[in-house]
Every structure is written in C-alpha cells, then in structure tokens.
1. What distance in nm separates the two pseudo spin-label positions at Ala69 and Arg445, each 7 Å out from Cα along the beta-carbon direction?
2. Filter the trypsin sites (Lys or Arg not before Pro) in the stretch 205-296 down to the DSSP loop ones having no more than 13 other Cβ atoms within 10 Å, then list what survives.
3. Just the isolated ones, please: cysteines in the chain lacking another cysteine beta carbon under 4.7 angstrom.
4. Suppose the chain between Ala305 and Lys50 were pulled fully straight at 0.36 nm per residue; how much longer would it get relative to their current alpha carbon spacing?
5. Does a label point 7 Å from the Cα of Lys284, set along Cα-to-beta-carbon, have any residues of the stretch 167-207 with amide nitrogen under 19 Å, and which are they?
6. Checking the table Lys30/Lys115; Lys114/Lys258; Lys115/Lys251; Lys232/Lys268; Lys96/Lys284 against a 26 Å threshold on Cα-Cα, which pairs fail?
7. Quick one: compute a quarter of the convex hull surface over the Cα atoms of the stretch 4-267 and quote it in nm².
8. Treating only the Cβ of Lys, Arg, Asp and Glu as charged (+1, +1, -1, -1), what charge dipole size does the chain show about its Cα centre? Round to the nearest 20 debye.
Amino acid sequence: MRCIHVAEVEGNPAICYDTGLNPRSFARTKMSANSLVEPGFLVSPDGSRKAWTATGVSEVNNLMRVFGAPFYGERLDSLLDEVSSITQRGAESQQKILRAIVYWIRAKLLLGDKKSSINPGAVFINLSGENTPKGSVFFGPKQLSQRCLINEGNDFDSYNCPDLDGMEEAAFSAGVMLYKLLAQVHPYQINDHIFQDMREGVFLPPKLAIPGLDNELCRLINAALLQPVVKKRTKESGTEILSKMLKILLKKEIGIVKVASLFRLVPKEENNQIERERKSFTFKQKIVVSTRRFYIRNKYVLIGAAIGLFFIVFVAVNMSTTKGLRPSTTGMTPYAVINSYYEAFSNLNHRFMEAVIRGADKSDINVAVNLFAVSRIRQGHEQNSTPPIISARVWKDLGGELPAPDVFGVTDLDVEYLGGAEAAGIIIFRATYLLWFPNEQEPSRRSDEITLKLHRGSWHISEILRTIVY
C-alpha cells in the first residue's frame with residue numbers, strides 16, 4: 001500500500017500522505033500542526049525552486065491524511081524497483097532509470113542543503129513533461145514522509161545512511177542508486193545489518209561489480225559509498241562528488257548519455273582476471289567482517305579471557321624468577337617499610353608488596369595485580385607508551401583535577417607510632433590515608449593498624465587491621 005501518492009481530494013488531484021494515525025493519535029503527536037508547516041520542495045530543470053507545504057488534512061477510513069498541491073510524476077523508488085526486470089525489458093527501461101537519477105542529482109545540487117526528504121519513496125520525478133516541465137523533481141517534507149514510509153512497512157531506507165546528512169547524504173544515495181542500476185544489484189545485503197554494512201564499507205567495489213564501467217564513474221560511486229566510513233572517506237565533499245557524476249552523465253551537446261556509452265568492451269582474459277579478483281575479494285572480506293563482528297559481539301568476554309590468560313602467564317613467569325632478583329626490605333627502617341609499601345601500592349608494584357607482606361592479609365596485592373594486568377593489556381591494545389593508570393600522588397602533585405578516570409593510589413599518608421620497639425623485634429603503627437580508585441569522584445578514607453615484625457634481619461608486615469572511615 002502506497003502511503004505517499006497522488007489521489008483526488010474533493011474532486012481535485014493532490015499529493016497525499018496517509019499517516020496511518022487515527023484522529024486522536026494524530027492530534028497527540030502534534031502532526032496536525034507540524035505537517036502543515038513543514039516544507040517540501042519542487043525543483044524545476046531551469047534552476048528555479050519553490051517550497052511546497054500541505055494545504056489541508058482529511059479523514060479517510062478513520063485515518064488521517066495530509067494533502068497539498070499535486071505534482072505529476074513517478075515515485076523514484078518505483079523506478080528503481082524496475083532494475084530487477086531490466087534484462088527482460090531492455091535498454092529502454094535502463095535509460096529511463098538513468099534519466100531519473102540524473103534529474104535527481106541535478107535537482108539536489110540546485111536545492112543544496114535545504115532540509116527535505118531524499119528517500120526515493122518520498123521523491124517524485126516528471127519524465128514525460130505532462131503538466132509539469134520535464135525533469136522537474138519533487139522532494140517531500142522529511143518528517144511527514146518518514147512517518148508515511150514507516151506506515152508503508154519501510155522501516156529503513158536502503159538508499160541512505162542514518163549517520164549522514166546534507167550533501168554527503170545525497171552523494172551516498174546517488175552512489176547507491178547508480179550502483180544498483182549499473183550492477184543490477186544493490187551494493188548491500190538488505191537485512192538487519194545493512195546500516196552496519198554501510199558504516200563499515202562492506203560492499204563489492206564497483207570496478208569488480210561492474211566490469212568495463214568508466215573508470216572515473218567507478219571511482220566516484222566508490223567515493224560516494226565510502227562517505228559513512230570515516231577512515232576511508234575521500235577528501236571530496238558530497239557536492240563535489242555529485243557535480244563530477246553529473247558532468248559524466250549529462251553532456252551539454254547531447255544531453256543525458258546512453259548507458260551503453262559508459263562501458264567499454266572487456267576482453268575475455270581481463271574479464272576472467274576480474275572474476276578471480278572478485279572471488280578473492282569477497283572471500284577475504286567475508287573473513288575480515290566475520291572476525292571483526294565476532295570480536296565486537298564478544299569483546300568483553302575476550303578481554304576477560306585475555307586478562308585471565310595474562311594473569312596466569314604473569315604468575316608463572318614470576319614464580320620462575322630467581323629469589324635473588326626479588327625485591328626485599330633488607331636495610332630498611334620500619335617507617336621506610338610502611339611508606340614504601342603504600343608507594344608500591346600506588347604504583348602497582350605488587351612484587352615489592354609481596355616482599356613486604358609476611359602473614360598479613362594480601363587483598364591489597366590482589367588489587368594491585370589485577371589493575372596491573374588491565375593496565376598492561378590496555379597499553380598494548382592502544383599501542384601507547386604512556387601508562388593508562390596514573391599514581392594518585394603524581395596526579396595530586398600535578399594539580400589533582402577531577403574527573404580522574406585513570407587515577408589510582410594513596411595520598412595524604414600519615415604514619416603514627418603506637419607501640420613496640422625495634423629491640424623487641426615488633427612495632428605497631430597506625431597509617432591514615434586517602435585511597436583513590438579509577439572513575440571514582442571521591443576517595444575512600446582509611447585507617448590501618450599495622451604490625452611489623454623482624455624476620456632474619458628485615459622488617460615485614462605481619463598484620464593489617466583496616467578501618468574504612470568513609
């Protein structure tokens with residue numbers, strides 16, 4: 001069912017928009033007011049253009065219809081749907097569709113960035129010259145057209161990428177239409193992944209899909225289809241791409257070129273080579289796309305598995321490290337041991353922390369190990385020499401501005417003697433400090449009662465009794 005069409009309203013022809021909404025829903029969505037002021041545009045081949053707005057609203061079968069002045073022409077999507085039957089209908093039908101696309105490109109260049117719908121289902125083109133100059137193009141109001149196309153069952157527009165707008169959107173749409181006409185197949189598979197394919201540039205390049213096509217036109221179609229792909233987009237603007245397309249397709253001395261003139265004869269050997277390249281490209285693209293999308297779907301699972309594997313390897317390597325290379329507290333005073341422990345915690349130096357702890361709770365070490373593993377994986381993935389996690393003390397020395405998503409560690413450390421003596425081989429301290437975690441706006445204030453014991457001439461932490469103040 002066509003919801004955008006020309007029909008008689010009160011005995012006169014009009015462009016009609018069947019919204020599919022009952023009177024109550026129509027009023028609640030405020031379409032009754034918006035649809036009468038949102039403009040469409042009529043572009044004539046002489047370069048003139050004028051705004052079109054709906055002139056009234058009527059009720060048909062308990063559903064609301066918006067209507068306005070008529071335009072005599074054919075819907076562009078109906079013409080494009082004929083591509084599938086071109087082989088049976090011959091070159092005349094193909095030439096007709098090319099004329100429609102050329103008129104559309106010329107009209108869009110004349111219209112510029114003015115907001116209107118370029119969805120082929122909302123565009124009418126006059127190919128006959130009846131009642132309206134031949135080559136005239138009507139672009140419907142954008143929001144009203146979208147509402148009606150959804151009502152038709154067109155949940156998405158296979159000729160436009162939702163990430164684009166303005167002339168870049170128009171260039172992309174022209175590229176899709178020309179590709180479909182000349183290759184006789186849509187560049188993207190029409191399925192739930194079509195917009196993802198557009199964004200990632202998943203299509204067969206025109207030079208492989210349309211053997212023998214004019215090289216410059218091939219390049220322009222390819223450039224148009226790459227508009228949504230930021231990393232592969234050319235420096236040409238949408239206006240430049242459309243203008244260059246029009247220069248190839250519309251000659252001043254002969255008018256719109258013949259479709260056949262856009263092709264050269266391809267020798268058998270070259271055609272065989274193109275076929276081999278097409279199969280190779282399709283095979284490689286399928287593998288790359290499948291791998292990338294598998295990673296996207298399972299990114300967090302893979303990262304978790306990588307962290308787990310890294311942790312296992314890391315622990316195995318640490319265990320194989322000779323004891324002579326391990327950090328120790330030999331020669332350090334009790335105060336130095338405590339200060340060094342919290343500094344190592346801030347720097348994720350879990351090896352030194354392990355050398356300090358002897359009998360005390362190791363939860364701090366577990367935190368340091370996990371953050372260290374995540375830090376190394378991020379650093380390798382982002383290929384950045386700068387550590388992704390910054391010591392809280394260094395961050396505070398640099399000004400300590402919030403938010404601080406990559407900050408971890410201890411600041412404002414204060415160590416107080418509580419009891420014991422070095423001669424007795426046991427000393428007790430209280431350490432109060434602020435602990436900053438990544439992505440946290442406020443630190444945690446903690447108070448640790450720490451017992452140090454002398455073991456083989458070196459001081460070690462044998463007990464940590466922790467109180468979290470807030």
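1. About 7.4 nm, to one decimal.
2. Listed in order of number, the matching sites are Lys231, Lys232, Arg233, Lys235, Lys252, Lys258, Arg264.
3. Cys16, Cys161, Cys218
4. Going from the current span to full extension adds 85.7 nm.
5. Backbone N within reach: 200-207.
6. Lys114/Lys258; Lys115/Lys251; Lys232/Lys268; Lys96/Lys284
7. 15.1
8. With Lys and Arg at +1 and Asp and Glu at -1, about 1200 debye.
Every number here is computed from the coordinates shown, using simple stated rules; none is lab data. Source: prediction; values computed, not measured. For neighbour counting, all protein chains shown are included, and Cβ atoms are generated from backbone atoms with ideal geometry for every residue, glycine included.
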